[in-house]
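Colleague: Once you've had a glance at the structure underneath, I'll fire off some questions.
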Amino acid sequence: MKKRYAAFGISLLLSLVLVVAVGAFQKDAVLAPLALEEDMDPAEVPFRLAGDEDLKARIELARQEQTAPPAPPAAEETAPTETTGPETAPAATTGMETVPAGNTAETTAAPTEPSPGETAGGQTAAPTKEFDEPLNGTASDRDSASSRPLGSGSAVEGSGAGLDREDSAGQTAPSVPEESDPTAPPAQGEGSGDTGADNGGGETAGDGEVLSVTPGTSGEFTPEATVDDAWFDDALFIGDSRTDGLRLYARIGKADYFCNTGMTVFTALKKSLSDNAFSNMTLEQLLQSKTYGKILIGLGINECGSNLDSVMNAYAGLVDRVRELQPGAKVILQAVMACSPKKEAQNRCFGPENLFKLNNRIAALADGVNVFYINVNEVFADENGYLPANFSSDGCHLYAKYYPLWVSWIKSAVAAIPVSSEAEPPAATEGETTDGETSASTPAPAETLPAESAGTESQP
Amino acid sequence: MQFNSIQFIFYFLPVFLAVYYILPANFGTTVLAAGSFLFYGFAVGWDPLALGVLFAAFFTAFFGGMAAESEKRRWVFWPAVFCLGMSLVFFKLFLWGILLPVGMSFYVFQLIAYLADVYRGKIRAERDVIDFFAEAFLFPKLLSGPIASSRDLQKYARRPHRKLFTFHMGLQEFILGLGLKVVLANRLGGVWAQGSTVGFEQVSTPYAWLAAVTFSMRLYFDFYGYSLMAVGLGHMVGWNLPMNFLEPYSAKTVSDFYRRWHATLGRWFRDYIYIPLGGSRRGTARTLLNLAVVWALTGFWHGVGGGYMMWAGILFALIAAERLFLKKPLERSRVVCHIYLVLAIVLSWVPFAAGSAGEAVTVFSRLFAVGGVGMTADFLDCLPKYAWLLAGGVLFATPLPRKLWGKLQKTALADVFLFFLFWACLYLVATARQDPFIYFDF
């Protein structure tokens, strides 16, 4: 019997080899997520620069930058432009031609006809630049998109629309103090602490009158000034599983969809896929075989665990290649939709902080002329930057019943994008002469024509 | 630690087998006990609660078993069984989903079976602590069965069948099981998973059927594959463990299906619940009551959710109907019975898969096109992707592959095939591992 216990001990000892081996093996698994966090340079997270330690506060601040006009001076400047914009054709063109993201290095070539833009936005960039260089271009895009429903909501606006009013007020009248100062403590920032909660909680929108399109509203949204299905007749959606859901459950008209589960900016050009109008083609082949007027790219969730710089290199390469093959098309980059806390629990890279950073970089690819950025998180993210848990079972993919909402949001967001063919050629030809100036001048007020007119028409 | 994980296949198993076969045969069972302990430790991440529960159950059964042979055995047996049973109830009912230690459902049943066999005098109580540990917690059957007969376990603990022939057969079975699990089951699960991701209320009716059918296949090949791996591992160490799956989809009735599906659990309920309650010998009403008890417990054993209860309820209703009037016409038929069986089984898995009764109702409403068939784009998109897997699933649900395997098993061709199958599986496992989304499932 003693022998047996000795053998028991010996075999346990021998198995220590195994423990060490498995331990060494599992080290990768344990350390990988940590490495992921390490390669996030804190300085690169815009809202960290605000000096806020609290995540919620930081996100809120960041959101404020996104939704509110970038800075008080900007608001002051834009207000007049906006009001005059719609009626007078010249003002409108002003808005359209200013290039939002002109201050980023990549897009300096794109801005064109800077003169009108300068007058509109000359001073705006400076205050917020350090936070959101990449954002400026897109913030204005987004402003234009969001301002429409907000402003026009006056007809149906009900008691729940306090936040909206505030927002639109912030754009036109800089006198609202909390709104106009993005560096102010974020808690009061937009008054979203209370109104946002109201809206978020009432996502059933019982009274049907909650109209907010600001982040934090989680699904409430009344489309105004949208495009119709025909707008998408010459559109192509490129995307991952989330876009694939759109394809299957909320297909728009005659649009083409080049998407499948697991697609990334790294693989988008290599994969062979099929859809109603094409079969077994790579993206290159597809873009060579057919001319599109609008190309919407919805990628990024599968990449969010990878190194950001390499992701963005690939993303920029993809956009360049798409532009090269389809010079006449408007390329519309979609923000990566937020994930729920459940998803973040699986991996921090799905959290709002990382996605926000990624989205900022995506937004920076937009030039406001040929490449645009739209941020669906206005409808789907809650006030903390998460997808609400009841929108998704896995925390990442919407339930199919929410796809129509997504589609109607896209339809309203793209209404701001000029698709007339005139807008494009000058962009290509005249851009280079005025690089230096545009980079400083363009960002804030750049409203595109339709947006402006829509927004201002509805002003009370 | 799953059998289809890289850690198990490349680290645990080779080291364990080396130690097992290098040490003299006398120490075989000892090495098995040590290996099983380590295996469980890895599987639960050395969670003190899980290990504590394991040892508590172990010593309850060990000393309870010896005492159950004594004069006053009644006073030991029932409390011991009560403790074991209540530990399971406690974990399932009050802490379910969070804390139930891996494999507890299985080893508790194994230990209760052992105590009952000792109590009835069918076997002698095990007096060797290490042997008993190996019998109770043998790592191939520790996490998900099969629940083996105590008599067999005692036999193999004393004299394992350590022969090259057995080892070879075990290796073959292990790889086949791995193939079923990795190639078929893991991927067939995608349809149902996608359905719950997009929300079942939106899927089209054909898609819902595809999801229900593929889920049934997934469950079968997952558990069948696992059980085959367990039996194979048993053979590799010279123990003969019982087969859990005996071509269940060849059955003609639901009652027969559940004699062939997870057979060792069914046998456990028959031997330790149904027959002690009187079985079918006390009239129709009593028989139905006994069946109801057995199925309620079976549902509970699988989980506390409303879905499991609904699943068990449907099966009880079908089995009762068969016992009362359906059995004879079904057994006489040649085609109708198979259609009936597949339909009944596929539909009965729906609440099982849905988890909650509410979700099950949603899926049923889509299956039967309540509110219209819906947009079939999802189905048309999905079907081509799963066509091969579906065909494979149908083929492997028939007895044909097993017959073919019976002829090929001893030829060199079989080993060549298995060699490639093995590396293909590892490729699938390894690539799945790098996928950031499945990554954290490991």
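Please treat every number below as a calculation from the coordinates, not as lab data. Predicted model, so just to flag it, every value in this text is computed and none were measured. Neighbour counts run over all protein chains shown; Cβ positions are idealised from the backbone, glycine included.
Colleague: Tell me which DSSP H helices of chain B clear both cut-offs, 30 Å or more of axial length from alpha-carbon atoms and a mean Kyte-Doolittle hydropathy of at least 0.0. Intermediate values should be presented prior to the final figure.
Modeller: Numbers: long enough: B:205-236 (46 Å, 0.68); B:412-434 (34 Å, 1.55).
Span-like helices in chain B: B:205-236, B:412-434.
Colleague: Starting at the first residue of the range A:302-308, write each ³J(HN,Hα) from the Karplus equation 6.51 cos²θ - 1.76 cosθ + 1.60 with θ = phi - 60°, in whole Hz, x for Gly and Pro.
Modeller: 6, 8, 5, x, 8, 4, 4
Colleague: For A:Val371, list long-range residues whose amide hydrogen, built 1.01 Å from N in the peptide plane, is under 5 Å from its own amide hydrogen.
Modeller: Close amide H contacts, sequence-distant or interchain: A:Val331.
Colleague: Once Rh is set to the Kirkwood radius over Cα pairs, what Stokes-Einstein translational diffusion coefficient, in µm²/s, holds for the range B:96-198 at a temperature of 37 °C and a viscosity of 0.692 mPa s? Intermediate values should be presented prior to the final figure.
Modeller: Details: Rh = 16.4 Å.
Rounded to a whole number, D works out at 200 µm²/s.
Colleague: Cα gyration tensor of chain B, axes a ≥ b ≥ c as square roots of the eigenvalues: rounded (a/c below 1.5), prolate (a/b > b/c) or oblate?
Modeller: Judged from the Cα gyration tensor, chain B comes out oblate (a/c at least 1.5, b/c at or above a/b).
Colleague: Further, regarding this structure: Based on the alpha-carbon gyration tensor of the range B:6-160 and its eigenvalue square roots a ≥ b ≥ c, which shape applies: rounded if a/c is under 1.5, prolate if not and a/b is larger than b/c, or oblate? Kindly include the intermediate steps, with their values, before the conclusion.
Modeller: Numbers: a/c = 2.38, a/b = 1.20, b/c = 1.98.
Judged from the Cα gyration tensor, the range B:6-160 comes out oblate (a/c at least 1.5, b/c at or above a/b).
Colleague: Per-residue Cβ counts within 10 Å, from other chains only, averaged over B:12-24: what number is that? Could the numbers behind the result be given before it?
Modeller: Numbers: counts 4, 1, 2, 8, 4, 0, 3, 8, 1, 0, 1, 4, 2.
The shielding value for this peptide is 3.
Colleague: Follow-up. Would you please name the trypsin sites (Lys or Arg not before Pro) within the range B:160-210 that are DSSP coil residues with at most 13 other C-beta atoms within 10 Å of their C-beta? Please report the intermediate quantities before stating the final value.
Modeller: On the way: sites: B:Arg162, B:Lys163, B:Lys181, B:Arg187; in loops: B:Arg162, B:Lys163.
Passing sites in the range B:160-210 are B:Lys163.
Colleague: Picking from A:Ser279, A:Ile297, A:Val319, whose Cα lies most toward the positive end of the charge dipole for the range A:235-319 (charges on Cβ: Lys, Arg +1; Asp, Glu -1)?
Modeller: Final value for the positive-end residue is A:Ser279.
Colleague: Still on this structure, please answer the following. How would the range B:10-53 be classified by its alpha-carbon gyration tensor: rounded, prolate or oblate, with rounded meaning a/c under 1.5 and the a/b versus b/c comparison settling the rest? Don't skip to the end; give the middle numbers.
Modeller: Numbers: a/c = 5.33, a/b = 1.82, b/c = 2.94.
Oblate, because a/c is 1.5 or more while a/b does not exceed b/c.
Colleague: I'd like to know how the range A:336-415 sits against the 2.2 N^0.38 Å rule of thumb: what's its Cα Rg over that expected value? Walk me through the numbers before you get to the answer.
Modeller: Details: Rg = 13.1 Å, N = 80, 2.2 N^0.38 = 11.6 Å.
Here the Cα radius of gyration is 1.12 times the empirical estimate.
Colleague: Starting from the amide H of A:Phe258, placed 1.01 Å from N in the peptide plane, find each other amide H under 5 Å away whose residue is 5 or more places distant or on another chain.
Modeller: Under 5 Å from the amide H of A:Phe258: A:Phe237, A:Ile238, A:Gly239.
Colleague: Report, in listed order, any pair from B:Lys327/B:Lys385; A:Lys342/B:Lys141; A:Lys271/A:Lys411 with a Cα-Cα distance greater than 31 Å. Spell out each step's value before the answer.
Modeller: Values: B:Lys327/B:Lys385 38 Å; A:Lys342/B:Lys141 33 Å; A:Lys271/A:Lys411 28 Å.
Flagged as over cut-off: B:Lys327/B:Lys385; A:Lys342/B:Lys141.
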